[in-house]
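Worksheet for the structure shown next.
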Ligand SMILES: [Zn+2]
């Protein structure tokens, strides 16, 4: 197993551009979707009726699909595969689990925690 990730500024730049482009396309839709899902889920305890249960189920399915789409869209700029394994969100990745290229600069993270 490779223990050191490779630092390539062009990969880091491409990754942040990919996230920004994805957010521009789906960010607002996802926010509304998750807010509606949360509202329906809470309402189910207050007013446990079948239509509300169906609405919650449909919204949950949509949220699941949007997560799958995000995983397909946010691939590593270096190897083209999803940078995470399992069910984790690609957004949580600091480096690609397949080619070990940094996706977020480790030096910027140090700067942020100090500043
Ligand atoms: Zn990769």
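Structure values in brief
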| item | result |
| --- | --- |
| Acute angle (nearest 10 degrees) that the helix 50-73 long axis makes with the longest principal axis of the chain, alpha-carbon atoms | 10 |
| Length-normalised contact order for the chain - Cα pairs under 8 Å, 6+ apart - percent | 35 |
| Cα long-axis angle, helix 9-46 against the chain (0 to 90 degrees, to the nearest 10) | 20 |
| Burial order of peptide ranges 33-39, 48-54 (average beta-carbon count within 10 Å, highest first) | 33-39, 48-54 |
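Each value in this text was obtained by applying a stated rule to the coordinates, not by laboratory testing. Computed from a prediction, not measured in an experiment: that's the story for all the values here. In this analysis, Cβ positions are derived from the backbone assuming ideal geometry, glycine residues included, and neighbour counts consider all displayed protein chains.
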